[in-house]
Structure formats: C-alpha cells, structure tokens
1. With all protein chains present, how much of the accessible area of the range A:1-86 (probe radius 1.4 Å) comes from carbon and sulfur, to the nearest whole percent?
2. Mind giving me the FRET efficiency for B:S84 and A:V19? R0 is 41 Å, r the Cβ-Cβ distance, nearest 0.05 is fine.
3. For the pairs A:K36/A:K56; A:K36/A:K67; B:K9/B:K57; A:K56/B:K95; B:K14/B:K57, note any where the Cα-Cα span goes beyond 19 Å.
4. When chain A is modelled as a GNM with alpha-carbon springs shorter than 10 Å, which of A:F88, A:F102, A:F50 fluctuates the most?
5. With a 1.4 Å probe and all protein chains left in place, how much accessible area per residue does chain B have, in Å²?
6. Can you compute the charge dipole magnitude of the range A:1-94 about its Cα centre, using +1 on each Lys and Arg Cβ and -1 on each Asp and Glu Cβ, nothing else charged? Give it in debye, rounded to the nearest 20.
7. Which value, in square angstrom to the nearest 100, describes the accessible area buried between chains B and A on both sides, using a 1.4 angstrom probe?
8. So between A:D3 and A:R75, what do we pick up on full extension, going 0.36 nm a residue minus the alpha carbon distance?
Amino acid sequence: GEDVEQSLFLSVREGDSSVINCTYTDSSSTYLYWYKQEPGAGLQLLTYIFSNMDMKQDQRLTVLLNKKDKHLSLRIADTQTGDSAIYFCAESISDSSYKLIFGSGTRLLVRP
Amino acid sequence: NAGVTQTPKFRVLKTGQSMTLLCAQDMNHEYMYWYRQDPGMGLRLIHYSVGEGTTAKGEVPDGYNVSRLKKQNFLLGLESAAPSQTSVYFCASSKMTGAQQYFGPGTRLTVT
C-alpha cells in the first residue's frame, strides 16, 4: 500500500543547513509536497516538485528527488530559529488523485 | 480573502454527544477535504468532496458524516462522539485534483 516515512526529529544550530528526508512507496506519484506546520497552526505549503524533476530550488529551500530510490529531501540553507516547526512530506497518488498521503512529520529544532 | 476557515477552534465533548464542525473557503475551490491529525502520525483523510452535493469516504470515515450543500462549505459531523475521536481536525480545499491543498487552522476536539 501507499506509505510515506520520515525521521521524527532533527536538531541543528542556527546558520547551519538542515536536511529533512522522506521515502515513499508509490512510484506513480505525480507531485510530492513539503508542508510546514508551526505550533497551533494549520499546514502551510512550502514547496512541491513534479515527479519528472530531479531538483527544485526556491530561495533557501532545495528539494531533491531520487525516483529510483523513491527518496525526497528538503534542504533549508542558513536555518533560522523561525524555521523551527514540523515538516510534512506528502505524495499525490495518481490513481486516486483526490488524496494526499502524508508522512508522520519531522520536528525541526533550531538551536541559537 | 480569508482562505480556509474552521469553526470552532476548540471543543470538549462528553462521550455520546454530537457536534458539527464547519469549514468554509472563499477561493471558489471545487475540492474539499477533512483530515484528522493524531500525535506522531501524519494527516489521515476522513472524507472528501469533489463538488457541491457530492461526498466520498477517505481513509478513516467511520464515526463521521459530511455534507456539502454549498460549494463554499463542508461540514463534518460526529453523531455519537467517542474518546478515540479526540484529535485535531483540519479542513483543506483545492482547485483541482492533485493541486495544492490549502489548509484551515484546525479544530482541537477532546472527547471525555
């Protein structure tokens, strides 16, 4: 079945780069997304990548997609304390495209 | 343009009570979704709607009902609340299938 997995926790020092990893199982995914959730708030779309792309860069964010290994990563350059949040990876399933399958989220803690 | 709003923000119910959560969007989106978020888990789809007057079951529909009488509103009902329904509920909407989903701020529900 469809499954998305992420590590639970990442701690980095302010100014360093953060890399959050995600693996997924459905090879027919059309889009893969990264959402950010701050405490007590809803999910905010950070960026997304179409499945025929390898990389997407958007200011401090870089998304890398390895389709062969079904591995997605989000790199945040120059991580700031405001980046502390939970980051969710999600895939859009092509055969029932109403649905997003979410990972369990990675909690990023940025230490001053 | 308020985006996606949810009412109420917080609610405490006793086992067996009923309630309705309201989701409203002002973006003229066709698709609307209800998710629940539990600790250590990603979001799980409860029900969704692909247009006014239509609803369909998601991944975890048991114990919930939904209605989409108006395009801009999507209601989630609990007829007889159970402690297992203690969760944070998120509504989302999107313009089309596979497109970015916009999330509301969430409703925190506790069933005692």
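1. 47 percent
2. Efficiency, rounded to the nearest 0.05: 0.70.
3. A:K36/A:K67; B:K9/B:K57; A:K56/B:K95; B:K14/B:K57
4. In the Gaussian network model the winner is A:F50.
5. Here the per-residue accessible area is 47 Å².
6. Computed charge dipole of the range A:1-94: roughly 180 debye.
7. Approximately 1500 Å² gets buried when B meets A.
8. That works out to 23.8 nm of additional length.
The values are calculated or read from the model by the stated rules, or taken from the named source; none is laboratory data. What you are looking at is a predicted structure, and each value in this text was computed from that prediction instead of being measured. Positions of Cβ are backbone-derived with ideal geometry, glycine not excepted, and every protein chain shown enters the neighbour counts. What goes into the accessible areas is simple: the full protein's heavy atoms, side chains included, and nothing from ligands, DNA or RNA. Shrake-Rupley method; radii C 1.70, N 1.55, O 1.52, S 1.80 Å.
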